[in-house]
1. Which condition breaks for Val61 when tested against (1) β-branched (Val, Ile, Thr); (2) in a loop (DSSP other than H, G, I, E, B); (3) without any contact (Cβ under 8 Å) to a residue 24 or more places away in the chain?
2. Here is a list of conditions, (1) loosely packed, with under 11 Cβ neighbours inside 10 Å; (2) at pLDDT 95 or above, and Ile36 meets all of them except one; can you say which number that is?
3. Test each condition in (1) modelled with pLDDT of 90 or more; (2) among the polar types (S, T, N, Q); (3) loosely packed, with under 10 Cβ neighbours inside 10 Å; (4) assigned to a helix (DSSP H, G or I) for Gln23 and report the one that comes out false.
4. In region 26-54, what count of residues is obtained for those that are of a type in the set (Lys, Arg), in a helix (DSSP H, G or I) and over 23 Å from the mean Cα position of the chain (by Cα)?
Amino acid sequence: MDSKDVWHEFKCFGSATVGPRGQVVIPANARKELHIDKGTTLLVFSGPGRRGLVLLKADAVEQIVGMLSERLSSIEKSLKNYVPSEAANENLEGVNAKEKD
């Protein structure tokens with residue numbers, strides 16, 4: 001999923017109130033649309049600026065971690081195969097020399 005799509009798909013399903021035992025009822029329309037059924041495991045994260053909570057389905061987090069792992073492996077392979085050009089080396093040497101001054 002493209003990062004632009006994440007914000008395009010952002011949706012508010014309503015509100016929920018924390019009960020006396022700390023429980024929150026997820027709105028029915030959210031459960032239905034997001035396929036959150038009895039027994040679905042949700043991971044709880046702090047939200048932006050530690051001002052709230054973010055709930056994510058555990059299987060979704062596993063998919064995200066898998067995609068990130070694949071991308072990191074791809075980057076790692078590219079770095080191992082990277083051979084800097086002579087021009088890049090000369091520029092780097094010039095930058096290092098200026099830093100010493």
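1. With respect to (1) β-branched (Val, Ile, Thr); (2) in a loop (DSSP other than H, G, I, E, B); (3) without any contact (Cβ under 8 Å) to a residue 24 or more places away in the chain, Val61 is out only on (2).
2. Unmet for Ile36, out of (1) loosely packed, with under 11 Cβ neighbours inside 10 Å; (2) at pLDDT 95 or above: (1).
3. Condition not satisfied by Gln23: (4).
4. 1
The values are calculated or read from the model by the stated rules, or taken from the named source; none is laboratory data. Predicted model only: the values in this text are computed from it and were never measured. Every residue, glycine among them, receives a Cβ derived from its backbone with ideal geometry; neighbour counts consider all protein chains shown.
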